[in-house]
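One structure below.
A short reminder: the numbers here are calculations on the coordinates, not readings from a lab. Just so it is clear, the model here is predicted, and its values are computed rather than measured. Note that we place each Cβ from the backbone using ideal geometry, even for glycine, and neighbour counts take in every protein chain shown.
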Amino acid sequence: MSATEPSSMPIPPGLVKPFGCVRALIFQFEDSNFTAIPATGFLLRFLGETFFITTRHAVMNAKFDTKDLCVPYSRRSNRCIPFPTVKTFSAVDRNDTDQVDIIVMKSDRSLIEELLFGDEQPFDVSEHQVVLDYTKGLLLHFKGITPEKNDLNYDDQKFHLHFSSAPAVYEGETIYRSIHMAKAAIPEDFPDFDGLSGSPLFAVTDENSYESESLFAGMLIRGTRSSQILHFIEGARVKNYLLEFFIGHLPMEEGNIELGRIFQRYLEAK
């Protein structure tokens, strides 16, 4: 399987590294040659562990099962990353469910073959790599799959995947918990937004520098090309979901103590 780089807008040097975490949401079915690629996902690294994140609706609405999901290590690898643990989350308020439109899959570091990532590494949010202060006008960037431009040859099992990326200007919070809005700055020939749900958003200090500092801003859950408005779950909320794998089973006070221990061991192992 191979992937083309986005033709809609070129990727600035400062986005090359963070965008290395982006993956297509690929479902492959053993009993047929059928492959479905409905949306986008991305890889995060947290406290030494590797996670794959995507929107819950992209999986559930199509009635897919995560056991059929193949997350490749990179565009140059046909090997799939093993993700034995899957979590979904529930909202207290049934009218405020956007914040839980997420599926998080966790691998085990003993199962990961690091060399297969190449230069397309998971984005590490272990320390201070998450946007905490969203100010109006903040420039964000997103990248995701655009299925209408994919070239899928089922006979030969050769798939050329097309990704598109663009900047977006932060607009503000919504009335829903942890959900924000941004307006995409896209050219007239930008593809339809179908497939972009699950795309990560990043803020960078200098988009023209390959060494730019990058901050994870969140995950796109929906948007329309006509309005150019994107809705996304904030980065801190996504990071909190990763914490559930480490301390979610503990009361708050015990969880905070255990998290301190885990973080200290992580720093000592770096």
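Each residue in region 241-254 was checked for being among the aliphatic types (A, V, I, L, M), part of a helix (DSSP H, G or I) and surrounded by 11 or more Cβ atoms within 10 Å (Cβ to Cβ), and 3 pass. Among the candidates 161, 140, the residue that is aliphatic (A, V, I, L, M), under 30 Å from residue 92 (Cα atoms), touching a residue at least 40 places away in the same chain (Cβ under 8 Å) and outside any loop (DSSP other than H, G, I, E, B) is uniquely 140. Can you find a residue in region 229-236 that is at negative phi, β-branched (Val, Ile, Thr) and either part of a strand (DSSP E or B) or surrounded by 14 or more Cβ atoms within 10 Å (Cβ to Cβ) (or both)? Yes; the residues of region 229-236 include at least one that is at negative phi, β-branched (Val, Ile, Thr) and either part of a strand (DSSP E or B) or surrounded by 14 or more Cβ atoms within 10 Å (Cβ to Cβ) (or both).
Taking region 168-187 on its own, how many of its residues are touching a helix residue (DSSP H, G or I) at 6+ places or on another chain (Cβ under 6 Å) and either more than 15 Å from residue 233 (Cβ to Cβ) or not aliphatic (A, V, I, L, M) (or both)? Within region 168-187, residues that are touching a helix residue (DSSP H, G or I) at 6+ places or on another chain (Cβ under 6 Å) and either more than 15 Å from residue 233 (Cβ to Cβ) or not aliphatic (A, V, I, L, M) (or both) number 3.
Scanning region 188-203 for residues that are within 17 Å of the chain's Cα centre (by Cα) and over 17 Å from residue 234 (Cβ atoms) yields a count of 4. From the list 257, 175, the lone residue that is assigned to a loop (DSSP other than H, G, I, E, B), free of Cβ contacts under 8 Å to residues at least 12 places away in the same chain and on the phi < 0 side of the Ramachandran plot is 175. Selection of region 76-99 for residues being within 20 Å of residue 22 (Cα to Cα) and buried (at least 18 other Cβ atoms within 10 Å of the Cβ) yields 81, 83. Evaluation of residue 199 against the conditions (1) out of contact with any helix residue (DSSP H, G or I) (no Cβ under 7 Å at 6 or more places or on another chain); (2) over 26 Å from residue 90 (Cα atoms) shows that the sole unmet condition is (2).
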